[in-house]
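K.L.:
Dropping the structure in here first, questions after.
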Amino acid sequence: MTPITWRRWLPEFVLLALVWGASFLFTREAVLGFGPFATAWGRVTLGALVLTPLLWWRNETRTLRQHWRSFVVMGLLNSGIPFACYAYALLSISTGLSSILNATTPLFGAVIAWRWLGDRLQGRQLLGLGLGFAGVVALASGATGGIAVLPKIGSGLAVAACLLATFCYGLAGSYSKRHLQGVSALAIATGSLWGASIGLLLPALWQWPTTLPDLRAWSALSAVGLLCTALAYVLYFRLMSLTGPARTLTVTYLIPVFANLLGVLVLGEVVSAWMLGCGAVILLGTALSSGLLTLRAKAAHSSRRG
């Protein structure tokens with residue numbers, strides 16, 4: 001890859017990792033004022049409002065009507081349930097821990113694609129799945145309160161909520177391949193955000209705060225909706241076209257770095273050696289199970305032959 005090409009995509013790649021890493025910080029601040037459901041609803045609705053004019057400009061709004069049922073399901077799986085789960089989890093655990101757990105998404109995606117779509121798992125992928133899930137168990141056991149799931153005892157429910165979110169992300173990937181094949185990425189993003197907004201509306205109204213949240217909460221909600229959802233999707237789509245899906249997916253590795261850094265600098269969180277070690281195991285397992293290490297090896301081999 002020439003230096004000019006690197007300069008085209010690398011700044012946006014780092015910016016995307018920073019924006020998605022910051023989403024944990026902004027969600028943490030917003031949920032303290034709005035609660036989990038209202039925070040998740042505000043995030044997806046703001047994102048949808050920003051992306052809809054882009055969809056209209058590209059003359060793809062009719063796609064929303066054609067696939068509205070699939071967009072509702074996709075929205076709940078890819079945005080609604082996960083965003084609500086992370087908002088709930090961040091009431092109990094650190095932004096750094098939740099971002100590391102978020103890196104398990106490709107692990108669930110590989111298992112679900114194997115069971116649902118019939119994708120074959122090679123030995124390297126099975127090793128990666130084993131490493132990844134072992135890292136999750138070790139990370140959860142080292143969290144405050146261990147892996148207890150009783151309410152108000154430890155962080156077990158929060159860890160479980162993060163894993164439910166990543167499981168939903170995995171389902172969303174397979175669902176998109178099965179039901180939204182051929183639909184543009186922007187249409188899927190916009191339609192799914194509107195689907196999530198519809199699905200979260202009643203829970204958000206039921207849990208809407210009785211007292212007006214402060215300016216800090218409103219600012220955080222605006223940031224997570226406008227920057228970490230709408231802008232992030234635009235960056236993601238640009239990177240997919242510039243550098244391809246394989247390299248774009250490696251942004252997963254940078255997100256916990258920024259999330260942990262921001263958590264330490266802004267919230268005063270502590271990142272332990274245990275968290276870093278478990279996170280490294282999870283990321284290694286993710287790289288193996290998603291095939292990224294294999295792809296890199298092939299790319300290096302191809303360059304040597306050339």
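K.L.:
Out of all the residues in region 75-98, which are closer than 14 Å to T166 by Cα and at pLDDT below 90?
P.N.:
Those that are closer than 14 Å to T166 by Cα and at pLDDT below 90: N78, L97, S98.
K.L.:
Tell me which residues, restricted to region 200-219, are of a type in the set (S, T, Y) and either surrounded by fewer than 11 Cβ atoms within 10 Å (Cβ to Cβ) or outside any helix (DSSP H, G or I) (or both).
P.N.:
T210, T211 - these are the residues of region 200-219 that are of a type in the set (S, T, Y) and either surrounded by fewer than 11 Cβ atoms within 10 Å (Cβ to Cβ) or outside any helix (DSSP H, G or I) (or both).
K.L.:
Checking F167 against (1) within 15 Å of the chain's Cα centre (by Cα); (2) at pLDDT 95 or above; (3) of a type in the set (F, W, Y), which single condition isn't satisfied?
P.N.:
(2)
K.L.:
Test S176 against the stated conditions and say whether it is polar (S, T, N, Q), over 15 Å from A89 (Cβ atoms), part of a helix (DSSP H, G or I) and modelled with pLDDT under 85.
P.N.:
Spelling it out, S176 is indeed polar (S, T, N, Q), over 15 Å from A89 (Cβ atoms), part of a helix (DSSP H, G or I) and modelled with pLDDT under 85.
K.L.:
Quick one: is V224 of a type in the set (A, V, I, L, M, F, W, C), modelled with pLDDT of 80 or more, touching a Ser or Thr at 6+ places or on another chain (Cβ under 6 Å) and within 25 Å of E12 (Cα to Cα)?
P.N.:
On the way: of a type in the set (A, V, I, L, M, F, W, C): yes; modelled with pLDDT of 80 or more: yes; touching a Ser or Thr at 6+ places or on another chain (Cβ under 6 Å): yes; within 25 Å of E12 (Cα to Cα): yes.
Yes, satisfied.
K.L.:
Under 8 Å by Cβ, and 6 or more places apart or on different chains, what pairs join a residue from region 244-263 that is closer than 18 Å to C162 by Cβ with one that is of a type in the set (D, E) and at pLDDT 70 or above?
P.N.:
Cβ pairs passing all conditions: N260/E269; G263/E269.
K.L.:
Right, here's the next one. If I filter region 103-118 for residues that are farther than 9 Å from G285 by Cα, outside any helix (DSSP H, G or I) and at pLDDT below 70, do I get at least one hit? Break it down stepwise before answering.
P.N.:
So the first thing to find is which residues in region 103-118 are farther than 9 Å from G285 by Cα, and the list is 103, 105-106, 108-118.
Narrowing the set further to residues that are outside any helix (DSSP H, G or I) leaves 103, 118.
Add one more test, that the residue is at pLDDT below 70, and what stays is 118.
Yes, region 103-118 has at least one match.
K.L.:
Let me ask something else about it. Confirm whether A158 is part of a helix (DSSP H, G or I), modelled with pLDDT of 85 or more and small (G, A, S).
P.N.:
Yes: the conditions hold for A158.
K.L.:
For region 268-287, enumerate the residues that are loosely packed, with under 15 Cβ neighbours inside 10 Å and farther than 21 Å from T105 by Cα.
P.N.:
If the condition is that a residue be loosely packed, with under 15 Cβ neighbours inside 10 Å and farther than 21 Å from T105 by Cα, then G268, V270, S272, A273 are the ones that fit.
The values are calculated or read from the model by the stated rules, or taken from the named source; none is laboratory data. All of these numbers come straight from a predicted model, not from anything done at the bench. Here Cβ is always computed from backbone atoms with ideal geometry, including for glycine, and neighbour counts include all displayed protein chains.
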